[in-house]
Protein chains: 2
Amino acid sequence: MTERLDSRNPGFDRAFAALVDARREPDADVARDVAAILRAVRDDGDAAVRAYTQRFDGHDLDETGWRIAPAELQQAFDTLDPSLRDALVLATDRIRSYHEAQRPADRDAVDSTGMRIGARWTAVEAAGLYVPGGRAAYPSSVLMNALPAKVAGVDRIRVVTPTPKGEVNPLVLAACHLAGIDEVIRIGGAQAVAALAYGTDRVGRVDVITGPGNAWVAEAKRQLYGTVGIDMVAGPSEIVVVADRDNDPAHIAADLLSQSEHDPTSQSILFTDDAGFADAVAAAVDRILPTLATWDTAERSWRANGAILLVERLIDAAPLIDRLAPEHLQLAVEDPEPLFQAVRHAGSIFLGRHTPEAIGDYVAGPNHVLPTGRRARFSSGLSVLDFMKRTSFIRCDAGALAAVGPAAVALAEAEGLPAHALSVAQRL
Amino acid sequence: MTERLDSRNPGFDRAFAALVDARREPDADVARDVAAILRAVRDDGDAAVRAYTQRFDGHDLDETGWRIAPAELQQAFDTLDPSLRDALVLATDRIRSYHEAQRPADRDAVDSTGMRIGARWTAVEAAGLYVPGGRAAYPSSVLMNALPAKVAGVDRIRVVTPTPKGEVNPLVLAACHLAGIDEVIRIGGAQAVAALAYGTDRVGRVDVITGPGNAWVAEAKRQLYGTVGIDMVAGPSEIVVVADRDNDPAHIAADLLSQSEHDPTSQSILFTDDAGFADAVAAAVDRILPTLATWDTAERSWRANGAILLVERLIDAAPLIDRLAPEHLQLAVEDPEPLFQAVRHAGSIFLGRHTPEAIGDYVAGPNHVLPTGRRARFSSGLSVLDFMKRTSFIRCDAGALAAVGPAAVALAEAEGLPAHALSVAQRL
């Protein structure tokens, strides 16, 4: 049953701590299976990828073809319903524009000793984007992963996506066309991630792999972190909504259910200061649920992981929200500013009554790939920076070396590193 | 034997590929041992930490004390040799000043639809810094890890450092004092990393763990990535030096040896366009080696992993350097600019004849924690950003929602997410 907690009750602290610590990530031990797949792809390359694809996706890549032709992407885009095409184009424009402002500035300056010091940002050469097949194949996810890479200046973007029994999702292909993807390869699972990370004859090696996937994909990325860069360790999605009684309960109910419908492991939490409003939202959830095509998933998630928390004043929610460090935080109140200023840990914040979280999923501009599972304590949403890296640089002339060299020699000697000391001392 | 390759020889491509792919990271399978230690600390907390410390470091924390008192840090600083103290203070000032310019700017703007969109950076609450005990206990490493965290505004920095048989390194303690470390805890190994990540009664949980360590420490960080943020997966250090014949061969020899002396797995590579100069550097290495207290390590590294590569023109080295993506790149030539512009992948670049890499290890200002093992293809040196995270935010008014809402509804419906669509449509 959906949890209901009142911060004025004596058992609240313990119950809230249990809510914070509840592990919604499956304990299923896929690590060993994934390690075996990675090893096979590293050792046997395309042969292993083809065999796993036959086994898991039920088609032979040498017959169905490894790649989806650019003409097929173009055609998927051209034959889209016009209103949908306009929506995708609007989303693309807004997402691109938001991410363009993320491009980092280089530094290059000379200090008072005459030393030139700076940092230069460059894009990675190739990025791999995982796009799930089946139900969770979202064109918005293609845009949110590909556009930051494009804006960063990545030379080549490879999409991998499983096509069970050869089936493709035209919306995803259209989004690939719009985002300017270079290649779409019909492979999925841990074997696709391994092929991207190690490179095979048919699948070029990439430097960074991003994009959502099932437990095998997530574990493959985790195991390959360090061999390649990855976006993040992703868990079930979550939302915290703070709402006062002046909201329409049905609005807030839909906001909560828009997370719940993603997956049974998703979590939706409401903070309010009004018990009557809490009842009204709970009733609205029950009323809306049967009307949703996604009712089964949404209901399981809401019953298992949903929670309604009553606080004396809404501002009291701030420290509790920081402990949850939610992926999404929606502040559906007249003046969201005090709570916005009081909260420190959240992936993305949606301010005011007119900003349902779904706006951020599609068209606002900021990235919808956000830290889950309390990781907003230490990590950020996907950005242009995930596809770039910084090279620092230093140039001494004789004067600058004379100014700082003796200190370097003293420290190197104290650390017992004589060649370090010598490399400086010889030049003084 | 130190490898010697000439790019004009027919076997060069294959030999260079072998050099690029050579794995210098130990294959030792510590993953299982580390997993067991993490589990024990997660389940048993301080009791496990104390037992491992007794076993690996040979002292009982309940007797020797878990923490090193702030007064002891202060005293270590006060009793330092004055020239060393001045060197540490100079390094601190320069490192702090460089990192202060890394602080990211927030964004907050209203677009043409009336939508307010932005991003806010905040520091993590607590950071853990691993400081190795014994030979590799470097005060410069304390500064390079702690100062970015301080500049980021981290509330609390915990240092863990093993003190085998209770012994401490006064230089490290002095650096902790200077960097403003909040706590120094006498624990090390995978158990210390686990205690920081999970939190125990005596060791507070942190959000990010950085700092160098042995294979167990590195593997513990890798396994805990996602539970906490980590700096990077670190491997043996490396340098590529590009030098023309106008350098003093002894200078270049010392530069190469300053990497070799770190560890037998370190790698030093020289690119030059002059065979006679290559011989002179090799001879200088042999001459300097016996004079170093670190000769044993340096000689093993240089013989096993060192290489001298002859190219026709120095600019030809650029694409080869990109394949190596070295941690350190030193361009010891009269005009380093063409090579500097031609190279894309390197952790840090040292320009001109007066900039030995060791300057960057201690006093230049940029961070010396840099990507190794070809990871400069996709990752960057440690920075203030590693201790911060970004929260995006969005605020629609009724007009902005009307402008973009219909597109969000269309996309949500196309993706089969009716609660997403409803949450927007209800408000239109």
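The values are calculated or read from the model by the stated rules, or taken from the named source; none is laboratory data. Worth saying up front: this structure is predicted, and the values here are computed from it rather than measured. So basically every Cβ, Gly included, is an ideal-geometry build from the backbone, and we count neighbours across all protein chains shown.
Within the set B:L339, B:L257, B:L314, the sole residue that is in contact with an Asp or Glu (Cβ under 8 Å, 6 or more places away or on another chain) and under 28 Å from A:R390 (Cα atoms) turns out to be B:L314. When segment B:106-119 is filtered for residues that are charged (D, E, K, R), touching a Lys or Arg at 6+ places or on another chain (Cβ under 7 Å) and buried (at least 17 other Cβ atoms within 10 Å of the Cβ), only B:R116 remains.
In this structure, does B:A280 turn out to be in a loop (DSSP other than H, G, I, E, B) and aliphatic (A, V, I, L, M)? Considered against the rule, which asks whether it is in a loop (DSSP other than H, G, I, E, B) and aliphatic (A, V, I, L, M), B:A280 comes out as no. Answer with yes or no whether A:L19 is buried (at least 17 other Cβ atoms within 10 Å of the Cβ), modelled with pLDDT of 95 or more, touching a strand residue (DSSP E or B) at 6+ places or on another chain (Cβ under 9 Å) and part of a helix (DSSP H, G or I). It is false that A:L19 is buried (at least 17 other Cβ atoms within 10 Å of the Cβ), modelled with pLDDT of 95 or more, touching a strand residue (DSSP E or B) at 6+ places or on another chain (Cβ under 9 Å) and part of a helix (DSSP H, G or I).
Does segment B:102-110 contain at least one residue that is in contact with a helix residue (DSSP H, G or I) (Cβ under 8 Å, 6 or more places away or on another chain), over 27 Å from B:L173 (Cα atoms), at pLDDT 95 or above and within 11 Å of chain A (Cβ to nearest Cβ)? For segment B:102-110, residues in contact with a helix residue (DSSP H, G or I) (Cβ under 8 Å, 6 or more places away or on another chain), over 27 Å from B:L173 (Cα atoms), at pLDDT 95 or above and within 11 Å of chain A (Cβ to nearest Cβ): present.
Quick one: in segment B:26-78, of everything that is assigned to a loop (DSSP other than H, G, I, E, B) and small (G, A, S), which residue is modelled with the highest pLDDT? If we take residues in segment B:26-78 being assigned to a loop (DSSP other than H, G, I, E, B) and small (G, A, S), then B:G45 is modelled with the highest pLDDT. Determine whether segment B:121-130 contains at least one residue that is surrounded by 17 or more Cβ atoms within 10 Å (Cβ to Cβ), of a type in the set (F, W, Y) and away from chain A (no Cβ under 14 Å). Yes, because at least one residue in segment B:121-130 is surrounded by 17 or more Cβ atoms within 10 Å (Cβ to Cβ), of a type in the set (F, W, Y) and away from chain A (no Cβ under 14 Å).
Looking at the structure I just gave you, is B:L411 farther than 28 Å from B:W121 by Cβ, at the interface with chain A (Cβ under 7 Å from one of its Cβ atoms), in a helix (DSSP H, G or I) and at pLDDT 95 or above? If you could, list the steps in order and put the result at the bottom.
On the way: farther than 28 Å from B:W121 by Cβ: yes; at the interface with chain A (Cβ under 7 Å from one of its Cβ atoms): yes; in a helix (DSSP H, G or I): yes; at pLDDT 95 or above: yes.
When the stated conditions are applied, B:L411 passes them.
Could you figure out which of (1) in contact with a strand residue (DSSP E or B) (Cβ under 8 Å, 6 or more places away or on another chain); (2) under 22 Å from B:H420 (Cβ atoms); (3) not in a helix (DSSP H, G or I) isn't true of A:C176? (3) is the only condition that A:C176 fails. Here is the figure for segment A:266-319: residues that are surrounded by fewer than 21 Cβ atoms within 10 Å (Cβ to Cβ), small (G, A, S) and over 27 Å from the mean Cα position of the chain (by Cα) total 6.
Which residue, of B:L385, B:L370, is surrounded by fewer than 23 Cβ atoms within 10 Å (Cβ to Cβ), hydrophobic (A, V, I, L, M, F, W, C) and closer than 30 Å to B:R158 by Cβ?
Working: B:L370 fails: surrounded by fewer than 23 Cβ atoms within 10 Å (Cβ to Cβ).
One residue alone meets the criteria, B:L385.
Please go through segment B:223-251 and give me each residue that is closer than 25 Å to B:A275 by Cα and either within 9 Å of another protein chain (Cβ to nearest Cβ) or among the small types (G, A, S) (or both), ordered by number. If you could, list the steps in order and put the result at the bottom.
Pass one, segment B:223-251, residues closer than 25 Å to B:A275 by Cα: B:238-251.
Scanning segment B:223-251 gives B:A243, B:D248, B:A250, B:H251.
B:P212 fulfils the conditions (1) at pLDDT below 95; (2) surrounded by fewer than 24 Cβ atoms within 10 Å (Cβ to Cβ); (3) part of a helix (DSSP H, G or I); (4) more than 12 Å from chain A (Cβ to nearest Cβ) except for a single criterion, (3).
Please work out if A:T265 is modelled with pLDDT of 95 or more and either small (G, A, S) or assigned to a loop (DSSP other than H, G, I, E, B) (or both).
Working: modelled with pLDDT of 95 or more: no; either small (G, A, S) or assigned to a loop (DSSP other than H, G, I, E, B) (or both): yes.
Spelling it out, it is not the case that A:T265 is modelled with pLDDT of 95 or more and either small (G, A, S) or assigned to a loop (DSSP other than H, G, I, E, B) (or both).
Identify the single condition in (1) over 27 Å from B:Y138 (Cβ atoms); (2) crowded, with 19+ Cβ neighbours inside 10 Å; (3) within 12 Å of chain A (Cβ to nearest Cβ) that B:L257 does not satisfy, given that it satisfies every other one. Against the list (1) over 27 Å from B:Y138 (Cβ atoms); (2) crowded, with 19+ Cβ neighbours inside 10 Å; (3) within 12 Å of chain A (Cβ to nearest Cβ), B:L257 comes up short only on (1).
Among the residues making up segment A:376-408, those that are within 7 Å of chain B (Cβ to nearest Cβ), within 30 Å of A:L147 (Cα to Cα) and part of a helix (DSSP H, G or I) are A:A376, A:R377.
Kindly check whether there is at least one residue in segment A:66-74 that is acidic (D, E) and under 22 Å from A:G199 (Cβ atoms).
Applying the first criterion (acidic (D, E)) to segment A:66-74 yields A:72.
Next, from what is left, pick out any that are under 22 Å from A:G199 (Cβ atoms): none.
The answer is no; no qualifying residue exists.
In the set A:S392, A:S423, A:S383, only one residue is under 30 Å from B:L339 (Cα atoms), touching an Asp or Glu at 6+ places or on another chain (Cβ under 6 Å) and hydroxyl-bearing (S, T, Y); that residue is A:S423. Scanning segment B:69-102 for residues being surrounded by fewer than 16 Cβ atoms within 10 Å (Cβ to Cβ) and closer than 26 Å to B:V384 by Cβ gives a total of 7.
Out of curiosity, is A:F350 closer than 11 Å to A:V240 by Cβ and either crowded, with 24+ Cβ neighbours inside 10 Å or free of Cβ contacts under 8 Å to residues at least 12 places away in the same chain (or both)? The answer is yes for A:F350.
For the criterion of being free of Cβ contacts under 8 Å to residues at least 24 places away in the same chain, in contact with a Gly (Cβ under 9 Å, 6 or more places away or on another chain) and assigned by TED's automatic domain parsing to the domain that holds B:V89, B:R222 passes. When the residues of segment A:150-171 are filtered to those that are at pLDDT below 95, part of a helix (DSSP H, G or I) and within 14 Å of another protein chain (Cβ to nearest Cβ), the one that is surrounded by the fewest Cβ atoms within 10 Å (Cβ to Cβ) is A:P170.
Scanning for something within 8 Å of chain B (Cβ to nearest Cβ), at pLDDT 95 or above and out of contact with any Lys or Arg (no Cβ under 6 Å at 6 or more places or on another chain), does segment A:327-339 turn up at least one residue? Let's see the steps before the verdict.
Going residue by residue through segment A:327-339, those that are within 8 Å of chain B (Cβ to nearest Cβ) are A:336.
Restricting the remaining residues to those that are at pLDDT 95 or above gives A:336.
Then drop every residue that is not out of contact with any Lys or Arg (no Cβ under 6 Å at 6 or more places or on another chain), which leaves A:336.
Yes: segment A:327-339 contains one or more residues that are within 8 Å of chain B (Cβ to nearest Cβ), at pLDDT 95 or above and out of contact with any Lys or Arg (no Cβ under 6 Å at 6 or more places or on another chain).
Could you give me the residue pairs with C-beta distances under 6 Å whose first residue belongs to segment B:404-424 and is within 21 Å of A:A284 (Cβ to Cβ) and touching a residue at least 40 places away in the same chain (Cβ under 8 Å), whose second residue is of a type in the set (G, A, S) and in a helix (DSSP H, G or I) wherever it lies, and which are 6+ apart or on separate chains? As it stands, the answer is none, since no pair meets every condition given. Among residues that are in contact with a Leu (Cβ under 8 Å, 6 or more places away or on another chain) and not aliphatic (A, V, I, L, M), A:N305 is not included. Tell me, please, whether a residue that is more than 20 Å from A:R103 (Cα to Cα), part of a loop (DSSP other than H, G, I, E, B) and within 14 Å of another protein chain (Cβ to nearest Cβ) can be found in segment A:139-148. Checking segment A:139-148: not a single residue is more than 20 Å from A:R103 (Cα to Cα), part of a loop (DSSP other than H, G, I, E, B) and within 14 Å of another protein chain (Cβ to nearest Cβ). Tallying residues that are buried (at least 24 other Cβ atoms within 10 Å of the Cβ) and in contact with a strand residue (DSSP E or B) (Cβ under 9 Å, 6 or more places away or on another chain) within segment A:396-428 yields 1.
When you go through A:L178, A:L129 one by one, which is the residue that is at pLDDT 95 or above and within 18 Å of the chain's Cα centre (by Cα)? Steps first, answer last, please.
On the way: A:L178 fails: within 18 Å of the chain's Cα centre (by Cα).
When all the criteria are applied, what remains is A:L129.
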